[in-house]
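Colleague: I'd like to ask some things about the structure below.
The values are calculated or read from the model by the stated rules, or taken from the named source; none is laboratory data. Note that the structure is a prediction, hence the values are computed from the model and not measured. Note: ideal-geometry Cβ built from the backbone for every residue, glycine included; neighbour counts use all protein chains shown. Side chains are part of the model used for accessible areas, which takes the heavy atoms of the whole protein and leaves out ligands, DNA and RNA. Shrake-Rupley method; radii C 1.70, N 1.55, O 1.52, S 1.80 Å.
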Amino acid sequence: QVQLVESGGGLVQAGGSLRLSCAASGRTFSSNPMAWFRQAPGKEREFVAAINWSGGNTVYADSVKGRFTISRDNAKNTVYLQMNSLKPEDTAVYYCAADGDPWTTARRTGYDYWGQGTQVTVSS
């Protein structure tokens, strides 16, 4: 079975940094887009960042552009989210997502597999 497992979340002060990891198993996603989403309490799930198969194309939400960086290591079947200059507004459960179809674009929608999430809390 396919599993996506996020790690790296935690409590950090505003202005700090965290690096999230998402390790996939059950199949390879080396040819597939992957993405990060987040959901704050009482709010809808929000797109954060996406990356194509090679890492050559990325898409970011305006709210995180310039602060967050998505990357991947296909040999490890893993995607990362480096989060810098964190703000209290970044507090959310962060979810990793993967597209079941290969060779598609880095985009904001259309993902098929989801992790269980990792909590990121940014204190002021």
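Matching residues to (1) open to solvent by 50 Å² or more (accessible area, probe 1.4 Å); (2) at pLDDT 95 or above; (3) closer than 14 Å to Ser17 by Cβ:
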| position | (1), (2), (3) |
| --- | --- |
| Ala50 | no, yes, no |
| Arg72 | no, yes, no |
| Gln82 | yes, yes, yes |
| Gln119 | yes, yes, no |
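Colleague: Here is a further query. List every residue pair whose Cβ atoms sit under 6 Å apart, with the two residues 6 or more apart in sequence or on different chains, where the first one lies in the stretch 24-41 and is at pLDDT 95 or above and the second, anywhere, is in a loop (DSSP other than H, G, I, E, B) and open to solvent by less than 10 Å² (accessible area, probe 1.4 Å).
Modeller: Matching pairs, first to second residue: Asn32/Asp99; Pro33/Asp99.
Colleague: I'd like to know if the stretch 9-18 contains one or more residues that are farther than 18 Å from Val64 by Cα, crowded, with 19+ Cβ neighbours inside 10 Å and within 16 Å of the chain's Cα centre (by Cα).
Modeller: No: zero hits.
Colleague: Sticking with this one: Among the residues of the stretch 1-45, write down those that are within 22 Å of Gly100 (Cβ to Cβ) and of a type in the set (A, V, I, L, M).
Modeller: Residues of the stretch 1-45 within 22 Å of Gly100 (Cβ to Cβ): 1-6, 20-39, 45.
Within the stretch 1-45, Val2, Leu4, Val5, Leu20, Ala23, Ala24, Met34, Ala35 qualify.
Colleague: Can I ask one more? Does Ala35 meet the test of being small (Gly, Ala, Ser), touching a strand residue (DSSP E or B) at 6+ places or on another chain (Cβ under 8 Å) and surrounded by 23 or more Cβ atoms within 10 Å (Cβ to Cβ)?
Modeller: Values: small (Gly, Ala, Ser): yes; touching a strand residue (DSSP E or B) at 6+ places or on another chain (Cβ under 8 Å): yes; surrounded by 23 or more Cβ atoms within 10 Å (Cβ to Cβ): yes.
For Ala35, the condition - small (Gly, Ala, Ser), touching a strand residue (DSSP E or B) at 6+ places or on another chain (Cβ under 8 Å) and surrounded by 23 or more Cβ atoms within 10 Å (Cβ to Cβ) - is met.
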